[in-house]
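Peer 1: The structure's right below; bear with me while I get my questions together.
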Amino acid sequence: MTTVYIHIGAPKTATSTLQAILARKAGKLAKAGVLYPARPRHGDAHHVLVCDLIEKFQGSRMPDFWYGPFPRGQAWASLREEIAGQGDDLQSVVISSELFFGQSRKLRPMLAEIREHLAGHTVKIVAYLRRQDQLYSSFFNQDVKGARQWADGPYQFYETHQIFQHNYFELLNIWGETFGPDNIIVRPYEPAQWLDRDIVADFCDATGIPALKSGSLERNESLGPNQVYAKQCLNKVGYDKAINDDVLRLLTRLLPEDPVKDTMYVHAGLYQRYKKAWEETNSKLSQTYLRGEALFQQAMPAARDLVPFRVDDAVLTNYLQQTVRQLAHEKSPELQQLFARAGILMLAERKLWANLTDEQRDRLNAWS
């Protein structure tokens, strides 16, 4: 009987690194009886499998960039055909998409559908979990920075984002209801606990597939605090997701800034409440899935050990002055208008009107 390993993420746990190596080494894996399916794959990951489930059960049309040329509604049939075509030497199949982890709405019927598609196979779920405070901070920063263009605050982000609607324990229990708790493989996103301190080696060991050489971990630099605020202003104004990279390039050129490690985006009291709930969740995970061993070796920091999220009006004023100077030479009318409107929003929100000259304010108004 073939074992199908579904690697569900979580996000921000080097999923892109793992997927790139699995895709690149698919030929080597195939010789050892391991299939990293090619048909239901756009790029290195199997996001189309999740997208088809989201469209069917949640009623949301997924953006075209998740599919590329792959036809909608065909992913699971394509997967079944590819598995069936491997013959008797097939030992295991590895599927990978962090989009699996982010689903909470209609999750049970989605998982029932997966079980039906994979009937006749043993299904095991692989989840790498990042410490919750790190996931929250990193994911919020990334969603402000990225094409999702998050414009609201970190509290609204945590309370409304689908990925936080179930804690780790609740989410994995739902997967366990469908596939059995003994088929849930929980690994920490903590290098000290990985085999050879290497996540690729650790993943291969956890799934029993042949050892693969690692590559460098994905690096996705976070925005600094003033960059976060400036990007939120741009997101509030709104623009086409297709130009998000162009917006970021211009923003970081106008406002260069290093990211701040261990940022606390919410106030100390709220963070402490979150921290208590996260620690209780990790204790339950330890007892249920890890035979009593601690999930994370490094304890979550107390609020006093974190850097509160703050923006600097002097830095923002300099950014606005730079914006006025540079927009005069900007060749893209779309970017010129976007940054001018976001600049006016910043002036209003931070009450910085007096920090610009009449001429500078007039220019922003003209471009907007």
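Peer 1: Would you call residue 357 over 29 Å from residue 131 (Cα atoms) and among the β-branched types (Val, Ile, Thr)?
Peer 2: For residue 357, the condition - over 29 Å from residue 131 (Cα atoms) and among the β-branched types (Val, Ile, Thr) - is met.
Peer 1: Another one. Given the conditions (1) open to solvent by 70 Å² or more (accessible area, probe 1.4 Å); (2) within 30 Å of residue 31 (Cα to Cα); (3) part of a helix (DSSP H, G or I), which single one is not true for residue 211?
Peer 2: (3)
Peer 1: Still on this structure, I have one more. Among the candidates 200, 228, single out the residue that is more than 21 Å from residue 94 (Cβ to Cβ), in contact (Cβ under 8 Å) with a residue 24 or more places away in the chain, crowded, with 19+ Cβ neighbours inside 10 Å and among the aliphatic types (A, V, I, L, M).
Peer 2: Result of the check over 200, 228: 228.
Peer 1: If only one of 223, 248 is under 29 Å from residue 334 (Cα atoms), at pLDDT 95 or above and either open to solvent by 20 Å² or more (accessible area, probe 1.4 Å) or polar (S, T, N, Q) (or both), which one is it?
Peer 2: Checking each option against the conditions leaves just 248.
Peer 1: Among (1) open to solvent by 50 Å² or more (accessible area, probe 1.4 Å); (2) touching a residue at least 12 places away in the same chain (Cβ under 8 Å); (3) not in a helix (DSSP H, G or I), where does residue 61 come up short?
Peer 2: Going through (1) open to solvent by 50 Å² or more (accessible area, probe 1.4 Å); (2) touching a residue at least 12 places away in the same chain (Cβ under 8 Å); (3) not in a helix (DSSP H, G or I) one by one, residue 61 breaks only (2).
Let's see how each residue does on (1) assigned to a helix (DSSP H, G or I); (2) modelled with pLDDT under 95; (3) open to solvent by 20 Å² or more (accessible area, probe 1.4 Å); (4) out of contact with any strand residue (DSSP E or B) (no Cβ under 6 Å at 6 or more places or on another chain):
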position: 128; (1), (2), (3), (4): no, no, no, no
position: 139; (1), (2), (3), (4): yes, yes, yes, yes
position: 144; (1), (2), (3), (4): yes, no, no, yes
position: 148; (1), (2), (3), (4): no, yes, yes, yes
position: 169; (1), (2), (3), (4): yes, no, yes, yes
position: 174; (1), (2), (3), (4): yes, no, no, yes
position: 177; (1), (2), (3), (4): yes, no, yes, yes
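Peer 1: Across the stretch 272-293, what is the total count of residues that are free of Cβ contacts under 8 Å to residues at least 60 places away in the same chain and open to solvent by less than 70 Å² (accessible area, probe 1.4 Å)?
Peer 2: Total meeting the criteria: 3.
Peer 1: Let me ask something else about it. Does residue 289 fit the bill of being within 22 Å of the chain's Cα centre (by Cα) and hydroxyl-bearing (Ser, Thr, Tyr)?
Peer 2: So residue 289 does not fit the description; no.
Table: residues versus (1) closer than 25 Å to residue 307 by Cβ; (2) of a type in the set (S, T, N, Q).
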{"site": "252", "(1), (2)": "yes, yes"}
{"site": "279", "(1), (2)": "yes, no"}
{"site": "282", "(1), (2)": "yes, yes"}
{"site": "293", "(1), (2)": "no, no"}
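Peer 1: For residue 37, state whether it is in a loop (DSSP other than H, G, I, E, B), modelled with pLDDT of 95 or more and touching a helix residue (DSSP H, G or I) at 6+ places or on another chain (Cβ under 6 Å).
Peer 2: Here the answer is yes, as residue 37 does meet what is asked.
Peer 1: Against the definition (in a helix (DSSP H, G or I) and either open to solvent by 50 Å² or more (accessible area, probe 1.4 Å) or out of contact with any helix residue (DSSP H, G or I) (no Cβ under 7 Å at 6 or more places or on another chain) (or both)), how does residue 192 come out, yes or no?
Peer 2: So residue 192 fits the description; yes.
The values are calculated or read from the model by the stated rules, or taken from the named source; none is laboratory data. Keep in mind that this is a model prediction, so the values were computed, not measured. Don't worry about glycine lacking a Cβ; one is built from the backbone with ideal geometry, like all the others, and counts go over all protein chains shown. Ligands, DNA and RNA are excluded from the accessible area calculation, which covers all protein heavy atoms including side chains. Shrake-Rupley method; radii C 1.70, N 1.55, O 1.52, S 1.80 Å.
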